[in-house]
Structure formats: C-alpha cells, structure tokens
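**Student:** What follows is a structure written as structure tokens; I'll ask about it next.
Throughout, read-outs are computed from the coordinates displayed, never taken from laboratory work. Keep in mind the model is a prediction, meaning the values are calculated, not measured. Glycine gets a Cβ as well: all are built from the backbone with ideal geometry, and neighbour counts include every protein chain shown.
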Amino acid sequence: MDKQQPNNPLHGVTLEKIVTTLVEWYGWEKLGKWIPIKCFTSNPSVKSSLKFLRKTPWARTKVENLYLVTLRKKQPEFKS
C-alpha cells in the first residue's frame, strides 16, 4: 500500500497541514474572501474546517488548488 505517487504533489500532505499552512500564510479573513465558505468566514477553526472539507469534495478541491498555487509561488523550484 506504500506506492510512490510521483505525479501527485499532494501525496503525503494531510488536509490539516494544508489548512494550517494556508491560515499561517493568509489568515482566515483572506481565505474566507477567496473561498467563501462558512467554516472560513464564521467563527473559523481548523477543526470545523477539516470536518466540512472532508464531507465536501468541491470545497476540498478549491482548498487543495489554492495550496498548490501558493506553494508554486512561494517555492519556485516546486513543480507539480
């Protein structure tokens, strides 16, 4: 089950790590403007965000995409 996934830039990165990193980089207010979901705009927390994102594939995809775009900007040597 430990298969390498060289074409998956999110392999090994947990959703919690993604959300935590985005909050550190941008803060809840900016996240809520870019991805207007209640768990980012109304009394936000990592725990509530994880609960919602795990149940909502479209929102999770938006968060993962923002993480990848940001990672490319912050680490130009990063390639996906």
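**Student:** With angles folded into 0 to 90 degrees, how steeply does helix 15-34 sit against the dominant principal axis of the chain? Use alpha carbons for both and round to 10.
**Tutor:** The angle comes out at about 50 degrees.
**Student:** Would you please give the FRET efficiency between K30 and N7, computed as 1/(1 + (r/R0)^6) with r the Cβ-Cβ distance and R0 = 35 Å, to the nearest 0.05?
**Tutor:** The value I calculate is 0.75.
**Student:** Taking 19 Å as the cut-off for C-alpha to C-alpha distance, list the pairs among K17/K55; K38/K74; K17/K51; K47/K73 that go past it.
**Tutor:** K38/K74; K47/K73
**Student:** With each label point set 7 Å from Cα along the Cα-Cβ vector, what nm distance links N65 and T20?
**Tutor:** 2.6
**Student:** Once you have all Cα-Cα distances for the range 5-80, histogram them in 10 Å bins from zero and send the whole-percent values.
**Tutor:** Result, from short to long distances: 18, 56, 22, 3 percent.
**Student:** Rounded to the nearest 10 degrees, what's the angle between the helix 57-74 long axis and the longest principal axis of the chain, both from Cα atoms, 0 to 90?
**Tutor:** With both axes taken from Cα atoms, the answer is about 60 degrees.
**Student:** Moving to a separate point now. Can you give me the long-range amide H partners of S45? Hydrogens built in the peptide plane at 1.01 Å from N, cutoff under 5 Å, separation of 5 or more residues or another chain.
**Tutor:** Amide H neighbours of S45, under 5 Å, 5+ apart: none.
**Student:** Taking the Cα atoms only, what angle lies between the long axis of helix 46-55 and the longest principal axis of the chain, rounded to 10 degrees?
**Tutor:** Between the helix axis and the principal axis of the chain, the angle is about 70 degrees.
**Student:** If the only charges are +1 at each Lys and Arg Cβ and -1 at each Asp and Glu Cβ, what is the size of the charge dipole of the chain around the Cα centre, to the nearest 20 debye?
**Tutor:** 220
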